[in-house]
Amino acid sequence: MTYDVCIIGSGAGGAPIAYELSNAGFNVVVLEKGKDYKEEDFNKDELAVCRRDIFTPSLKEEQHVINERDADDSIVRYEGSKYNWNFWNGSMVGGSSNLMSGYFHRMKPNDFKLKSVYGEIDGANVVDWPISYEDLEPYYTKVEKIVGVSGKIVKHKFLEPRSTPNFPYPALAVNSATQWFDDACKSLSYESIPTPRAILPLNAQGRQGCSYSNFCGSYGCATGAKGSARAALLQKCSATIITEAFVYKLESDDKKVTKAHYYDKNRVSHIVEAKIFVVAAQAIESSRLLLNSKNKFFPNGLANNSGQVGKNLIFSAGGVGSGRFNFETLSQKQQKELMQVGLFFNRSLQDWYEYDENGKKYKGGTIDFLFEHANIISRATREFYNDNGELIWGEKLSDKIHKRLTNSRVLTFEVFNDWLPSNYCFVSVDDKLKDKFDMPVGVINLYGHPHDIKVGTYLANKAIKVLQKMGASDVSMSISSSPPPNLVAGGCRFGKYAKASVLDVNCKAHELKNLYVTDASFMPTGGSVPYTWTIYANSFRVAKHLVSRLDALNNY
């Protein structure tokens, strides 16, 4: 069978294509490397998720090589399996969207024109997007309705233009301690924003509302409330989904892709033919697939005669911080408010999405506030040492853990600012190390621009002031160039010019007539928000283009 469309990957970049095209009557196949899980398969097994990585490949069988560039420009090579350095994000139907926390902020208009608005930065490959916020706005709105975004619009300085006055679903219930945050922000003249979430607060769209388990990040949703690509889209379309299908090569002539080669779980090779191929395997693996698909027409990798495939890899810059609220400093009423079970915190700050310092305009970012994860293992292991740094055990350890868990609570924050693209951060493939499928593994060449640290630190210091104003103790922050593996983009940036980009404005490869890349790979810059909403929106945008194109092909 020759399909109309073959999609490699079923996450936020691939699922909207499958949803729109299959529901429009086209014959669509999705090749997904992982298994198909349903709501009943997801539970809150901390050991399974934290210690056994049940949703990601074994590093003994599949890994990445990480080349880390030091300050003196020397490079240290790490094999992921030897150092337990993992860049996998969720191999299953729906991809890592199953495991996201669902913090859904739109990018701002100026995110699409970073170079024009803020200027060049030495050592960074900053460019403007070939589309504008206005081009993507209708699709942000579409995602709100179809995937399901809950929240409340509060007007503030950097609120992006919207075609609708509010989100389609009301805000999730929040802990009473959010009022402490709102009061602290007011006294500091900051604007507290309710955090929009891709989580349904009530039963809708054939999905159950949130159960308030406080186990969103890193865990699958047992009710279907979280707007994963699986729950929101793939379970509602007629696309054929082939699971445990690892696509190891795309075959092409000089003008188009002709076949996708994949191994099944028994390592038996199969071939799929289609009119159009869409790669959405997540940024690192999408670049790796193209680089491993070289042939006589594309000796440096598929669609890579420009040499741009894998280049300008980006993550999300910033970091984290936290503060602890201890019972001895709180009234009984405040103690009860703080320990309300399951309710979200859901507060954000965007006061410094853009800021001036020493007469210069800087692009800033977003700060999200949330309670520490409910995972008991990670919370308990942080108590293994006393104040002198000495290991404790037995009754002393038991008492310390019990007190920490029952007489205090930690409020954390996450800073999101741009990870600037550069020549030093890119994807390649290793010339020696291979995975269990005998394919060269991906190499992640890491480099964080010093500018990222400067901006992240500026934002974190603002967040620290809020925690201090609220009365938190043990306030700390950590801003570094360590990449968050769940927030990765670039590698196949789109643009107007073939020599400087891999994809055109519709995310089609410049050099091939029928190859598209629709995961976060297309992003030339990342904005200062989590990426998932923008990936969804762009994929719906490309889906509209593909419907028109397939209509024309089929009527030719």
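Among the candidates Lys499, Lys465, the residue that is within 17 Å of Asp368 (Cβ to Cβ), in contact (Cβ under 8 Å) with a residue 40 or more places away in the chain and among the charged types (D, E, K, R) is uniquely Lys465.
Restricting to segment 397-433, give me the number of residues that are among the β-branched types (Val, Ile, Thr) and crowded, with 21+ Cβ neighbours inside 10 Å. I'd like the intermediate steps shown before the answer.
Of the residues in segment 397-433, the ones among the β-branched types (Val, Ile, Thr) are 401, 406, 410, 412, 415, 427, 429.
Now narrow it down to the ones that are crowded, with 21+ Cβ neighbours inside 10 Å: 415, 427, 429.
Result for segment 397-433: 3.
When segment 27-39 is limited to residues that are modelled with pLDDT of 95 or more and outside any loop (DSSP other than H, G, I, E, B), the one that is surrounded by the fewest Cβ atoms within 10 Å (Cβ to Cβ) turns out to be Lys35.
If you check Ala24, Ala18 for being touching a residue at least 24 places away in the same chain (Cβ under 8 Å), surrounded by fewer than 21 Cβ atoms within 10 Å (Cβ to Cβ) and more than 29 Å from Val415 (Cβ to Cβ), only one passes: Ala24. Just so you know, in segment 466-503 the residues that are assigned to a strand (DSSP E or B) and of a type in the set (Gly, Ala, Ser) include one that is surrounded by the most Cβ atoms within 10 Å (Cβ to Cβ), and it is Gly491.
Can you pull out every residue in segment 376-429 that is of a type in the set (Asp, Glu) and not in a loop (DSSP other than H, G, I, E, B)?
Start the filter on segment 376-429 by keeping residues that are of a type in the set (Asp, Glu), which leaves 383, 387, 390, 395, 399, 414, 418.
Glu395, Asp399, Glu414, Asp418 - these are the residues of segment 376-429 that are of a type in the set (Asp, Glu) and not in a loop (DSSP other than H, G, I, E, B).
Table: residues versus (1) more than 15 Å from the chain's Cα centre (by Cα); (2) under 30 Å from Phe158 (Cα atoms); (3) in a loop (DSSP other than H, G, I, E, B).
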residue: Val505; (1), (2), (3): yes, yes, yes
residue: Ser528; (1), (2), (3): no, yes, yes
residue: Tyr536; (1), (2), (3): no, yes, no
residue: Arg541; (1), (2), (3): yes, yes, no
residue: Ala552; (1), (2), (3): yes, no, no
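Number of residues in segment 375-405 that are in contact with a helix residue (DSSP H, G or I) (Cβ under 9 Å, 6 or more places away or on another chain) and small (Gly, Ala, Ser): the value is 2. Within segment 437-463, the residues that satisfy the criterion of being part of a helix (DSSP H, G or I) and either surrounded by 18 or more Cβ atoms within 10 Å (Cβ to Cβ) or on the phi > 0 side of the Ramachandran plot (or both) are His451, Asp452, Val455, Gly456, Tyr458, Leu459, Ala460, Lys462, Ala463. Under the condition of being touching a helix residue (DSSP H, G or I) at 6+ places or on another chain (Cβ under 8 Å), closer than 18 Å to Ser116 by Cα and not small (Gly, Ala, Ser), the residues counted in segment 489-531 number 4.
Table: residues versus (1) among the aromatic types (Phe, Trp, Tyr); (2) under 19 Å from the mean Cα position of the chain (by Cα).
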position: Glu191; (1), (2): no, no
position: Thr195; (1), (2): no, yes
position: Ile199; (1), (2): no, yes
position: Ser211; (1), (2): no, no
position: Phe215; (1), (2): yes, yes
position: Ala222; (1), (2): no, no
position: Ala232; (1), (2): no, yes
position: Glu244; (1), (2): no, no
position: Lys249; (1), (2): no, no
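Selection within segment 73-103: residues that are among the aromatic types (Phe, Trp, Tyr) and over 26 Å from Ser348 (Cα atoms). The member of this set that is surrounded by the fewest Cβ atoms within 10 Å (Cβ to Cβ) is Tyr83. Number of residues in segment 221-259 that are of a type outside the set (Val, Ile, Thr), outside any loop (DSSP other than H, G, I, E, B) and under 20 Å from Met439 (Cα atoms) equals 7.
Counting residues in segment 125-144 that are crowded, with 22+ Cβ neighbours inside 10 Å, farther than 23 Å from His451 by Cβ, modelled with pLDDT of 95 or more and of a type in the set (Asp, Glu) gives one or more. Do you know which residues across segment 325-337 are of a type outside the set (Phe, Trp, Tyr), under 35 Å from the mean Cα position of the chain (by Cα) and either at pLDDT below 95 or closer than 17 Å to Val475 by Cα (or both)? Across segment 325-337, the qualifying residue is only Asn326. Taking (1) buried (at least 17 other Cβ atoms within 10 Å of the Cβ); (2) free of Cβ contacts under 8 Å to residues at least 24 places away in the same chain; (3) out of contact with any Leu (no Cβ under 6 Å at 6 or more places or on another chain) in turn, Asp70 satisfies each apart from (1). Which one is nearest to Leu289 (Cα to Cα) among residues in segment 40-69 that are over 22 Å from the mean Cα position of the chain (by Cα) and part of a loop (DSSP other than H, G, I, E, B)? If we take residues in segment 40-69 being over 22 Å from the mean Cα position of the chain (by Cα) and part of a loop (DSSP other than H, G, I, E, B), then Glu61 is nearest to Leu289 (Cα to Cα). Cβ separations smaller than 7 Å between residues 6+ apart or across chains give the following pairs from segment 31-53 residues that are under 19 Å from Ala374 (Cβ atoms) to residues that are assigned to a helix (DSSP H, G or I): Glu46/Ile376; Glu46/Ile377; Cys50/Ile377; Cys50/Ser378. Residues that are within 17 Å of Thr532 (Cβ to Cβ), buried (at least 20 other Cβ atoms within 10 Å of the Cβ) and in contact with an Asp or Glu (Cβ under 7 Å, 6 or more places away or on another chain) do not occur anywhere in segment 200-208.
Results for (1) within 30 Å of Leu446 (Cα to Cα); (2) in contact with a helix residue (DSSP H, G or I) (Cβ under 8 Å, 6 or more places away or on another chain), shown as yes or no for each residue.
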site	(1), (2)
Pro201	no, no
Arg230	no, yes
Cys237	no, yes
Asp253	no, no
Thr258	no, no
Tyr262	yes, no
Lys275	no, yes
Ser293	yes, no
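Conditions (1) out of contact with any Pro (no Cβ under 8 Å at 6 or more places or on another chain); (2) part of a loop (DSSP other than H, G, I, E, B); (3) among the β-branched types (Val, Ile, Thr), marked per residue:
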position	(1), (2), (3)
Asn110	yes, no, no
Ser116	yes, no, no
Asp122	yes, yes, no
Val126	no, yes, yes
Trp129	no, yes, no
Tyr139	yes, no, no
Ile153	no, yes, yes
His156	yes, yes, no
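The values are calculated or read from the model by the stated rules, or taken from the named source; none is laboratory data. All of these numbers come straight from a predicted model, not from anything done at the bench. Neighbour counts are summed over all protein chains in view; Cβ atoms, including those assigned to glycine, are modelled from backbone coordinates with ideal geometry.
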